[in-house]
Structure formats: structure tokens, C-alpha cells
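Just below is one structure, and these are the notes that go with it.
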Amino acid sequence: MAKRNLRKIQIDLRQFALPCPRVGSIEAHSGYGQTPKLGQEIHQNIQRKRIREVPGYVAEKKLSIEFEREQYLFVISGRADGVIEGSQFQVEEIKSAFDVEGLEHKLTVDDNHPYVWQLRTYGYILYKQTGEVPDLKMLLVSSRNFKQSEIYFELDIEAYEAWLALRLAELVEETKIREKLFKKRVVSSEELQFPFSSPRPGQVELIENIQVGFVEEKSMVIQAPTGLGKTIGVLYPSLKDSLARGQKVIYVTPKNSQHQVAEEAVERLQDQGASIRPLTITAKSKMCFKAEPLCNPQYCEFAKDYYKKIAENDLINKVSKLRSLSQKKLQELGEQYQVCPFELSLEAIERADVVIADYNYVFSTRSLLGRLELPLMEPNQKANLVIDEAHNLPARAQDYFSPAISTRDLQNIIPSLGKINIRFQKRAQLLCEEAIELIESYHGESRTIQINFEPVFELESRMREFLSEYLEADIEIQTQDGVLKLVNLWSDFAQASELQGPEFFQTYQKNRLYGEINQTLKLTCCDASVHLNEVYKSFKNVVAFSATLKPFSYSMKLLGFYELTTKCLEFVSPFPKEHRKILLIPQISTKYKDRPANAPKIAQAMERIMAVKPGNYIALFPSFEFMKDVEGYLRDSTYQRLVQQREMKADRVDDFLSFMKSADKPTLLLAVQGGIFSEGVDFPGDMLIGAFVIGPALPNFDFEREQIREYYERSYDKAQAFNYTYVYPAMAKTIQSAGRVIRSENDKGIIVLMDSRFLETTYAETMPQGWFQQGAQELVSGKIISDVTDFWNSIQAPMESEVEA
């Protein structure tokens, strides 16, 4: 009867079984954090073999135990990898690692390790159930060559129960803090108000549709134009729902530079009195105090004894009391207590109500999903996930699972190896040259291959040994250290051997890059939708939105959503149509073979249109090369020209924007579609009055891309394979480019599409609702200059009337 008055707290055994108090450093085999999902197949293969060969072997044995402390009933549960039942019980935990020798050494010298406490806890549960003390075995498996080794541990009941008393006392205090946060979130949800007294047209409908989708338990894919206010329109209902359940919102964007829009939306809610705490996960490289962001206690004093310092200084609770979880404040704490500020920001995830982060922290092979998905109190209550600029996600996710190594990558490291300590230079250069030779051994034409990873593993092992010696030496590691770059680059590629399935293929590619032969070994992921769908299962609700997601059938498939459980919505621009003029010039072709003949036509058309209304314009091209060709034909000296470069630093981008904002002289910005100026950049008011979209920017037609197209033929609709591979990705860039012009109710301008292909159905079907009524042919003008003149005159007349009034 007493248990009915206790609050039941369910805890995953992996979160429960930790050293008490915490000890350890930030390193590869610390045992903290989530288990890599790539090792699951190895575990399953071993378990199947053990079931066949070992009598009484039970895989994935469910075990749980209850402990009463104060007003709580803690239910600890998990699945032991293997239990051998019979005359003598044995618990077996399987741990796979790329560097299994390093893990074996760590567990041999440190039995106060999270993995060991997990094993002991499974053993203790069996002891309480059977009265027998089981044998404990850790089975270690190499993920590169499947070599196995075993370590045995003893379950000392008295010592375990002494640890247990400490751990349960910790849990009581942790739970009280979580209960307060849970109640605070529920109250915050009730008090949360939309930050604008007069929502824009479409915003109310957007919010209401999202709320209905949450009730229906459907994922949502939403296309909404720039200017609708979709960021706050999506964040507000997502946050209100998650807070009501005591949970948080994870808000992800494709680039760190796009975090600001979400941060501003949160600030608007705070200005209305919302008691919510945001956290923006800043890239490790920007947070790190060291010359290189290498998490190794031999090299970094902020990684050394990190978990011990966190516990001794009660830093998690100190962080939870901060009103602002800013990069600056976290770095100040990191410096004060000599702990890694990036890891400290991850400790703050649980206490944050909104976590803003890059895609890779949720979707990559090295994601933070295990920390982001943890529920605050109730295990069946999960956070909400919001995906901004979702049209970028399929390609980004494919890139996460498409590692490559090239001779050019390695050759670029060689100069930096000449700057390291002289006693290590020759050996490092030899290792780098050996890596280059290994790639070159696949010589011949570009083709699909089966990469022999054995020599890759062998070389990686020698590189690791060399790195250990290098780090143990009494030398100062410099920024952009060549040895670290070499070993990390090669190790990342070596781990690609774990990526397998019908959506992957391996290639040797040979091409000419900047006048030199470049050879590449690559493992390509054609489709990351299965992986994305697995990630979604970690969240209660998922909302993916963008200005370019049509056709929805395409976006749903590659984003990993299922039709029956997904709601697709499209919203039209809230701004007057008369503020915008869209023109299509089909007489121009930007197909590769037609570019030389059409470059002068494009330059002439742009100059004639700009002459009607002087101001700032942007021309967005499918490639840097074509942009340069067209630039050579521009003659109008009344316009100053700004030209995007291949790798522009943030301060240079800001210079360009400031230049356009000053309005000293009419400006033409030449840039590329899909680049920094075509997405995620605002040009408010007269800062931009026109955009020329020079053709659809189809991906390069090359050997690798054609392999991807063949995959789509096999896996999806054969008739749509070309569109999936080339057309739809290109049109996403086109529509993003066109969206630079009209971004508020006060913006007015023209959008000029140049290419006959925009008239084709497969291209036109991706265009937003409101661009035309029946078909793209409506955008074609028989008298372009006259129509442009009439448009600007129609804009000018009301403005003059307002001035007179």
C-alpha cells in the first residue's frame, strides 16, 4: 500500500549506473554519453552466434529493480546484452569500439568506470532475483576487424550496496530539482503568449494547424514563404505544447549563422514575460580554449578530470541558476573551474527550455541525440523537434554518411607537417605519403569499387600509435596541427567501414582539380531517410518547415516521413501581389552547352531591366565560372559591382551587406545559388529591389551523381529518378534565391527567372502557390521593359499620393 503514495521515477540503467561521485576525463573511452548506434549490428551478430553456441544464453534480457527513497520509488530498468542461465548465472555486456585495445586498457586499469557499473548493476539485479551472485563478463569487440577479448569482474555485494546508497541519495536531490523545473515549465506554458498583438495573415492559420497536428499525433511538413513569420509561428505552438508536458523544444538549423533568427524569436517571447531559458549549442571549435579542439586529457587540462571537477564544484546546479546560457558566460565558468566550456554547454541541455543547434547535433553519426532526447521526468514524454530550412536536410544527412579521403586532402596537410617538432617530421610525412599511395593504388578510371579496408585499418593503427607518442612528448601543439589533421582525417575515413546497406556504394574517383589530378576514395549515401526516421522516434512531435518543399511527395520520402502519419501544408505570401513582379525569360538557355552564346544576352537583359529603376539588385548563378563569364559582358558603369568569392569569411559578407545598406550608389551583387547570399540573408527595404535567377542550378552531371540517380530508379519511382537527383534540388535553390526580394510588407521588387526550363511541368510544379494561377507561361512577357516600367510606375503612384496626403 505504501508504494501507491510514492512517486514512481523510471530511469534507464545506463543513466543510473555511474561512478558516485563522478570521476573521469573527457576522452574516447570515458563511458559517459550515448552508445554509438553504428555498433548495434555488431552486437546483434554476436548475440545470434552466442544463442546458437552457448546453452542457456538469453540475449537482450530485460531486468529491472525498484528502490524506495524518501517520497520516490525509483524503477531502474534495462536490457543486459546477454545472460547465461543455468547452474551458474553469468551476465555478459558487449562493448564495441574502433580502438578496442584502448578500451580494454581503460577498463583493465579503471574498474570505477560507467561500463563496469552497468555490468555490476545487471549482476546485482539478478542477485536480488535469484539469491546467487553471478559471474560478470565484459566482451570487447573491434568494429574494424571483429577481434574479441574478455575481461571478468567480481560483484562484491557489500561494496556495491555502499555505492548504491550514495547513488540513490544523489538521485533524490536530482529528482527534486527536476520536479521544480517540470512544474516551472508547465506554468510557463500556461502563461506563454504570442508576442504580437496583430499576427500576420496566415500566422494564426499556421499556429492552429500545428496545434491540430499535435493533437492528431502527426508529423508536419510545412511550406511557407519568407515574410509569413514562420519561425515564431512554428516555435510558439511547439514550445507551448512541450512546456505543458514539462519538456523542451530542440530547434535545428542547417548553419550556425541561421541560429540568430530562432534566438530573436525566443527573445520576443521573453520580452512578453515568458520565463523560458534558451541555449544555443556553439561549435566546439569556437568554444575551445586550446589551439586545437582535441579532447584528450594528455593534451587538454580542461578535459582532464572534467567529470570530477563538475561534481566537486556542483557546476550543473550553478549553470541551472544562470538566466543566460550564453557562450561568453559558459566560457567564463569553464576558465574559472578549468573545465571544457563546450561540454559544460552540453550539461546545460537538461535545464534549457529551448535548445538551438546545427543539424549535425541531431542527425550526424556523432550527434548529441542521446542527451537531447532525454525526458525530464516521465520516460514516455519526449521533446518536440523543429527543423528549420528543412529542404537542406536530405543532402546534409547524406553528407554525414558519405565520408571520403582524397590525395588532395592529404597533400594539403604536408606543408603543415613541416612545421611540427623536427624529431617527428619525417615519420609524419612518411605516414602521409603512405596514405596517398594507398589511394593511388586504385588507379584507373572513376568506377564503383569495394574498398579493402584492411590496409586502411593497419595504417590507422600505426597513426594512432604515432599520435600517442606525439601527444606524450613535451611539445606545444600549434593551431592547425598537421599530425592531428592527418590522424583525424584518416581515422574518420577508416570508420566508414561500419556504414553498410543498399543505400551505400563505394567509388574510386579521378578528376582534375585546379589543374592537378585528384584521386578520391568515397563511400556515398544515396538516401538517409531511414536514419532520419529513426531519429524522429526520439521526439514526441516533429515539424519540418521551409519556403521550398514542393512537391511534398518528394520531400516526405527523402526527409524520412511516412505519408499516413504526416500532414503537409502550404501557405501563400501574406504580402500584396502588386508589390512583386515575377518575369520569366524563356529565350535564354543556361544549359552548359549554351552558356557561351547566352552570357552576353543575360548581361544585356540585366542592364536593360536595371536601367528602368536604379537600385540594388542581386544576380544568382548556377556556378562561379558562369558568373565570371557573364560579368565579363557587363558594361554599365553606373552600377558598382560586388562579386561573391568561393570562400568568403563572415566579416567580408558583412562588408558587402553594409555596402548595399549604405545606398550611396546603385549596386549589383553577383552571387551563386545555394551560397551565402541566396539563403538565410535578409535585404530589408530598398537594400534589394530585384533578383535575377540565372537558370536552375542543377547538380553536376557526373559519375557519382548518376549512381545516385540509378539508386532512385531502383528504390522509388523510375520516372521520377531524374527529378529527385537533379530538378527538385535545383529548384529549391531557385526559389530560395527568388525569396531574397520580398521579405516584409514594405518590400517591393522584381524577380526575373532566366531559362526556358522554368516553363516545364517538372520545374513549374515546385513553384510556390501564388506565383501564377494556371501555369508558368503566365510569367512570360512579350514586352519586358514596358512591363517592368509599368510595375515601377504602379508602385510609385501610391507612394506619391501618400506623400501629398
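The values are calculated or read from the model by the stated rules, or taken from the named source; none is laboratory data. These numbers come from a predicted model, not from an experiment. Backbone-built Cβ (ideal geometry, glycine too); neighbour counts: all protein chains shown. These area figures cover heavy atoms from the full protein model, side chains too; ligands, DNA and RNA do not enter into them. Shrake-Rupley method; radii C 1.70, N 1.55, O 1.52, S 1.80 Å.
Taking the C-alpha atoms only, the angle from helix 595-612 to the longest principal axis of the chain is near 70 degrees.
From the coordinates of this entry, semi-axes √(5λ) of the Cα gyration tensor in Å is computed, and it appears in (i) 50, 34, 25; (ii) 61, 40, 22; (iii) 73, 35, 25 under the label (i). The helix-only estimate of mean residue ellipticity at 222 nm for the chain, built from DSSP H runs of length n ≥ 4 each weighted as -39500 (n - 2.57), is -13000 deg cm²/dmol after division by the residue total.
Work out the FRET efficiency for Ser553 and Glu101 from their Cβ-Cβ distance, taking R0 = 60 Å, and round it to the nearest 0.05. My answer for the efficiency is 0.80.
Distance between the pseudo-spin-label points of Met648 and Ala169 (7 Å out from Cα toward the beta carbon): 6.0 nm.
With the charge dipole of the chain set up from +1 on Lys and Arg Cβ and -1 on Asp and Glu Cβ about the Cα centre, the Cα lying farthest toward the positive end among the listed residues Tyr160, Tyr359, Phe621 is that of Phe621.
If you sort Phe571, Phe703, Phe552 by accessible surface, 1.4 Å probe, largest first, the order is Phe703, Phe552, Phe571. PRE reach from Arg7 (point 7 Å along Cα→Cβ): which of the stretch 131-174 fall under 14 Å by backbone N? Residues 171-174 fall inside that zone. Spatially, the stretch 418-465 and the stretch 40-62 are offset by 36 Å when compared through their Cα centroids. Counting only protein heavy atoms and a probe of 1.4 Å, the accessible surface of the chain is 48% carbon and sulfur. In this calculation the C-beta distance from Glu465 to Asn518 is compared with R0 = 35 Å, giving a FRET efficiency of 0.75. Accessible surface for the chain, divided over its residues, is 45 Å² per residue with a 1.4 Å probe. Is there a pair in Lys308/Lys329; Lys593/Lys661; Lys95/Lys318; Lys284/Lys321; Lys176/Lys304 whose C-alpha atoms are over 28 Å apart, and which pairs would that be? Where the Cα-Cα span goes over 28 Å, the pairs concerned are Lys593/Lys661; Lys95/Lys318; Lys176/Lys304. Taking all protein chains together and rolling a 1.4 Å probe, Ser64 ends up with roughly 60 Å² accessible.
Applying 1/(1 + (r/R0)^6) with r as the Cβ-Cβ distance of Glu378 and Gln338 and R0 = 30 angstrom yields a FRET efficiency of 0.25.
Beyond 17 Å, the tail of the calculated P(r) for the stretch 283-351 holds 34 percent of the Cα pairs. Principal-axis analysis of the Cα atoms of the chain puts helix 114-130 at an angle of about 50° to the longest axis. Surface listing: Phe575, Phe701 arranged by accessible area from highest to lowest gives Phe701, Phe575, probe 1.4 Å. Model label points for Ala28 and Asp110, set 7 angstrom from Cα along the Cα-to-Cβ axis, are 1.4 nm apart. Note on Gln425 and Gln506: the model spin-label points, each 7 Å out from Cα along the C-beta direction, lie 3.6 nm apart. If one computes the Cα centroid of the stretch 595-613 and of the stretch 325-377, what distance in Å separates the two points? So the two Cα centres are separated by 49 Å. Remark: the Gln15-Arg69 segment gains 17.7 nm on full extension, using 0.36 nm per residue and subtracting the alpha carbon distance.
Remark: relative contact order (the chain) = 12 percent; criterion is Cα-Cα distance under 8 angstrom and separation of 6 or more residues. Residues Asp664, Asp651, sorted by accessible area with the largest first, give Asp664, Asp651 [1.4 Å probe; ligands and nucleic acids excluded]. Judged by the gyration tensor of its Cα atoms, with axes a ≥ b ≥ c, the stretch 651-695 is oblate; a/c meets the 1.5 cut and b/c is at least as large as a/b. Seen against the Cα atoms of the chain and their longest principal axis, helix 100-109 is set at about 40 degrees. Of the GluC sites (Glu not before Pro) found in the stretch 427-457, the ones in coil according to DSSP and having at most 16 other Cβ atoms within 10 Å of their Cβ are Glu445. Let me make sure I get this right: for the stretch 7-172, a, b and c are the square roots of the gyration tensor eigenvalues over alpha carbons, sorted descending. Under 1.5 in a/c it's rounded, otherwise prolate if a/b > b/c, else oblate. Which is it? It comes out oblate by the Cα gyration axes. Rounded is the label for the stretch 197-278. Its Cα gyration tensor axes, ordered a ≥ b ≥ c, give a/c under 1.5.
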